[in-house]
Amino acid sequence: KERPNKLFEEGRVSALSHCIAIYPFMIDPNFSADLWAERAKRQGHSYVSIEARQPDYYWPSKYVDFDGREKYFPKDENGQLRDGLKEFIDALKRYGIKCGFYWGSDSMDIYAQGVEELIERYDLDYLYFDGPQGHSWNNFDIPFSTVRNYSDEIIMNMNSWGEEYGDVDLRTTEASGYYSKTG
C-alpha cells in the first residue's frame, strides 16, 4: 500500500480551525458550517482539522462530567449539551474535504479514551496531536496504537518540538514566535 501521508503531502493545503465548534453558540448564531466548508474547498484545502478538545470538550463525551469542570462545550437554547463537531465534519464531507481533529495533549487515559471515542463517533481521516512536550513522561504509542487498531488509513500528525513522540505519520514543528520581534 501507498503510505497514507502521501495524500496529505499531495493535497498541499490544509487547515486547522481552533474553536470553530463554538462559533454558532458563542460568536454568531447565524454562522454557517456549509459556507465555511465551501470556502475551504474554494481555497483548495484537501484536509481540514477542527479542534475537538483543548482543554474542554466540544462534544458530549461519555468520559466527562459536564456538570463539573467543563465550561466551553456547546449547548443549545435550552441549555442541553450539543455535539459541536458533527455539523462541521458533515459539511466538510459534503464538499469532499478530508477531515479530522486537533487534540491538545493531556494525560494518557484521557488521550486514549478521547481518541477512541472520536474514531467511533465520526468517520475521520486525520488526527493532529498538539504539545507532547508538556507531557513527555507519557507513552505516546498508546493513542497511536489505539488509532491503528481502528484503521491504518487515519493520518496522525504530532506537533513536537525537538524530539519524536510515538509512531506518527507526520511531524509538525510549530512556528510560535515567528512574527515576534518584527520591529
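The values are calculated or read from the model by the stated rules, or taken from the named source; none is laboratory data. This one's a predicted model, so the numbers in the text were calculated from it and none came from an experiment. Glycine also receives a Cβ, built like all others from the backbone with ideal geometry; neighbour counts cover every protein chain displayed. Note: accessible area is taken over every heavy atom of the protein model, side chains too, but ligands, DNA and RNA are not part of it. Shrake-Rupley method; radii C 1.70, N 1.55, O 1.52, S 1.80 Å.
Residues that are among the acidic types (Asp, Glu), at pLDDT below 85 and assigned to a loop (DSSP other than H, G, I, E, B) within the stretch 124-151 are absent altogether.
So is Ser32 within 21 Å of Lys93 (Cβ to Cβ), within 18 Å of the chain's Cα centre (by Cα) and of a type in the set (S, T, N, Q) or not? So Ser32 does not fit the description; no.
Which residues, counting only those in the stretch 125-146, are closer than 18 Å to Leu170 by Cβ and open to solvent by 10 Å² or more (accessible area, probe 1.4 Å)? Within the stretch 125-146, Asp125, Tyr126, Tyr128, Asp130, Gly131, Gln133, Asp141, Ser145, Thr146 meet the criteria.
Within the stretch 9-30, being open to solvent by 100 Å² or more (accessible area, probe 1.4 Å), closer than 21 Å to Gln43 by Cβ and at pLDDT 85 or above holds for one residue alone: Ile27.
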